[in-house]
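Let me begin by presenting the structure, written as structure tokens, before commenting on it.
The values are calculated or read from the model by the stated rules, or taken from the named source; none is laboratory data. Just so it is clear, the model here is predicted, and its values are computed rather than measured. Quick reminder, even Gly has a Cβ in these numbers, built from the backbone with ideal geometry, and neighbours come from all protein chains shown.
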Amino acid sequence: MEQVKTMLRMKANKKLLQQHIRKETGRCSFEVVEKEGVLQALFYQRTEWQHIYKKYPEVILIDATYKLNDLRMPLYLILCVDGNGESEVVAMWLVSSEDKVTMKAMIGFFIKHNGGEKTTCVMANKDWVERDVIKEELPHASLLICLFHMLRSFCREVSEKSMCFTQDQRQQALEFLERLAYSANEQQYFKHRDALLALGLHNVIDYFLKQWDNIRHEWVEGLKKQCQPFVEQYQ
């Protein structure tokens, strides 16, 4: 990566950069986005990863890790689920910005090198930019939200400071939100929703109705299966 950065600073053309990466990593597909010699994004996919995706294209998972490289750039991993229910890395990219233009370019590169018509389900986090891009680029695929990320979002966003309530009220709200997440069907979901609304915590209610209620088929465990029966409990 240091050599890549050096070549970018020297304004090496993309063809030379591609030749260098191929020499260092072997057979692969990659795309570089740079601006005035500064690395903006890098898409990378080994040939064997492409073969894995072709075998198991139905479900892909998208997740990001942070602060794991010297560039301090978010590293995105694209995974698929194989016949044993195990995840397999099929692509990755580094980005300096997670704005819509960059994310659209990265997902566009994935589709360019792999197609995407056989992918019927995408599991990602709640990031609205990422979700909007996925819906635009893979409109035929169901978009689901990972349970782990969703529960973390609840804990982070439903806070005493931001919503002006007591610790006990926060615990009550989080309890009902978790019950909603684990609802087995719509009847159970509406039962828990009514209980949440009955708490009378207006900031929580506004947050829930604006951000979560109308996309319940993407995050409620019992309703996800109506969107995509292939996904079981892979979180």
Of all residues making up region 79-107, the number that are part of a helix (DSSP H, G or I) and touching a strand residue (DSSP E or B) at 6+ places or on another chain (Cβ under 9 Å): 5
Residue within region 75-85 that is surrounded by fewer than 20 Cβ atoms within 10 Å (Cβ to Cβ) and under 13 Å from the mean Cα position of the chain (by Cα) present: yes
Residues of region 29-78 classified as of a type in the set (D, E, K, R) and assigned to a loop (DSSP other than H, G, I, E, B), total: 5
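Residue 158: surrounded by 17 or more Cβ atoms within 10 Å (Cβ to Cβ) and either under 16 Å from the mean Cα position of the chain (by Cα) or within 26 Å of residue 48 (Cβ to Cβ) (or both), yes or no? Full working, then the answer.
Numbers: surrounded by 17 or more Cβ atoms within 10 Å (Cβ to Cβ): yes; either under 16 Å from the mean Cα position of the chain (by Cα) or within 26 Å of residue 48 (Cβ to Cβ) (or both): no.
No, not satisfied.
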Number of the condition not met by residue 171 [criteria: (1) over 23 Å from residue 64 (Cα atoms); (2) polar (S, T, N, Q); (3) touching a helix residue (DSSP H, G or I) at 6+ places or on another chain (Cβ under 8 Å)]: (3)
Pairs with Cβ under 6 Å, 6+ apart, first in region 42-58 and more than 19 Å from residue 142 (Cα to Cα), second assigned to a loop (DSSP other than H, G, I, E, B): 47/27
Scan of region 128-167 for residues that are closer than 26 Å to residue 115 by Cβ, assigned to a helix (DSSP H, G or I) and touching a residue at least 60 places away in the same chain (Cβ under 8 Å), ordered by number: 130, 134
Any hit, region 110-117, residues being closer than 19 Å to residue 65 by Cα and touching a helix residue (DSSP H, G or I) at 6+ places or on another chain (Cβ under 8 Å): no
Selection count where residues are buried (at least 20 other Cβ atoms within 10 Å of the Cβ) and acidic (Asp, Glu), scope region 86-140: 1
Subset of region 190-219 [buried (at least 19 other Cβ atoms within 10 Å of the Cβ), farther than 18 Å from residue 159 by Cβ, out of contact with any helix residue (DSSP H, G or I) (no Cβ under 6 Å at 6 or more places or on another chain) and modelled with pLDDT of 95 or more]: 193
